[in-house]
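This report refers to the structure that appears directly beneath it.
The values are calculated or read from the model by the stated rules, or taken from the named source; none is laboratory data. It should be emphasised that the depicted structure is a prediction, and the values quoted were computed from it without experimental measurement. Note that we place each Cβ from the backbone using ideal geometry, even for glycine, and neighbour counts take in every protein chain shown. Ligands, DNA and RNA are excluded from the accessible area calculation, which covers all protein heavy atoms including side chains. Shrake-Rupley method; radii C 1.70, N 1.55, O 1.52, S 1.80 Å.
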Amino acid sequence: MTLPATPDRFPQPDPVMSVHSNSRSMPSRSLSREHLGLLLGFVGMTIFGGTLPATRLAVTAIDPLAVTALRSAIAGLCSLALLIVLRRPPPPRRLWFQLAIASLCVSTLFPFLMALAVQTVNASHGGVVMGALPIAAAFIAVLITHERPQPPFWIASVVGAALVIAFALRQGGGALSSGDLLLFAAVAASAIGYAFSGRLTAEMPGWEIISWALVVALPVSLPAALLTLPADLGHIALKPWLALLYLALFSQWIGFFAWNAGMAMGGIARVSQMQLLQPFVTFALAALFNGETITPQIVLFAAAVVATVAISTRMRGRQSPAPRA
């Protein structure tokens, strides 16, 4: 039973003071939420920036197919455990097709194609090619959502793609190497996966999307991991194993938690700009952990690609719905 409030027992706040107090606290909370979103976006971007260097380290001692299967299986088992602990219900049946496409692209095709590619091209080279991923993802999203971007979007996208191809041709002595073709295929697979994942963010939180996508892949990834597990485990050095764990736990799983939560808190438009820094994070980590030499030519091409990505992002007609953290 609830007693009615009386002025004597429950003094009412001064409305003028409440307005001033709320006007001070609400922008402060909003600002701190945006800052946290940007921080989480930066963390996610940095994690993704380490994917190419870690993959290149892992494939020095472990077969690319085994790397792909193991990273997906480890992340899938962790995802399954988390979903069970949190008692998350399975997604509605109408979402399973989109989830299966996202799973195939993000947990299987993209990591496998990239693992094959870095056997013949270094991580810094891959960083420039992968710098065009936002353009490819935006292009796929436009096709799926039937958006109508402004003409400058298409111009910037074509210029960005041309720069990436010109870079690959220059590095390959006038011809595209097999590694470049594999990287282009990896970009396409990732873009499709991101586009379908983006559509799912209107239905469920981002961390849950990647977790269910990895669980969906378990019936394939787990047997594949057992079948491709290296026979001489003791002869593999520590660094490739650490790189594999990084790929499984961070690149394949936790990175999406930070990135999607950051976009939900800080806004897609602002946080997605963090992705422009990813090639340069890849360069720094490739130099540090892979001993690669980062030439001025690589940096200049990356900067030019990043500029076209920034322009195409600004010129895109309308944004996708904000993801749920």
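Annotations
- Restricting the calculation to Cα atoms, region 100-156 yields a radius of gyration followed by a Dmax of 14.2, 39 Å.
- Part-to-part distance (alpha-carbon centres) for region 265-315 and region 93-126, which is given in Å: 20
- Per-residue packing, averaged as other Cβ atoms within 10 Å, sorts the ranges 257-266, 202-211 into the order 257-266, 202-211, beginning with the highest.
- Region 59-101 shape via C-alpha gyration tensor axes, a/c threshold 1.5: oblate
- Peptides 82-89, 162-169 ranked from most to least packed by the mean count of surrounding Cβ atoms within 10 Å: 162-169, 82-89.
- Using the Cβ-Cβ distance between His146 and Phe97 with R0 set to 25 Å, the FRET efficiency works out to roughly 0.85.
- Per-peptide packing, taken as the mean over residues of other Cβ atoms within 10 Å, places 243-249, 123-129 in the sequence 123-129, 243-249 from highest down.
- Prolate/oblate/rounded label for region 73-185 (Cα gyration tensor, a/c 1.5): oblate
- Normalised by residue number, the volume inside the convex hull of the Cα atoms of region 167-325 is 156 Å³ per residue.
- Kirkwood estimate for region 122-229, i.e. one over the average of 1/r between Cα atoms, Å: 16.0
- The residues of the chain present an accessible area of 50 Å² per residue when probed at 1.4 Å with all protein chains retained.
- Of the residues Thr46, Thr120, Thr308, the one with the largest accessible area comes first in the ranking Thr120, Thr46, Thr308, computed with a 1.4 Å probe on protein heavy atoms.
- Three principal axis lengths of the chain [C-alpha, angstrom, descending]: 83, 46, 39
- Square roots of 5 times each gyration tensor eigenvalue, C-alpha, region 215-257, largest first, Å: 21, 17, 4
- On Cα atoms only, tilt of 178-200 relative to the major axis of the chain in degrees: 20
- Shape class for region 79-120: oblate, because the ratio a/c of the largest to smallest gyration tensor axis (alpha-carbon atoms, square roots of eigenvalues) is 1.5 or more and b/c is at least a/b.
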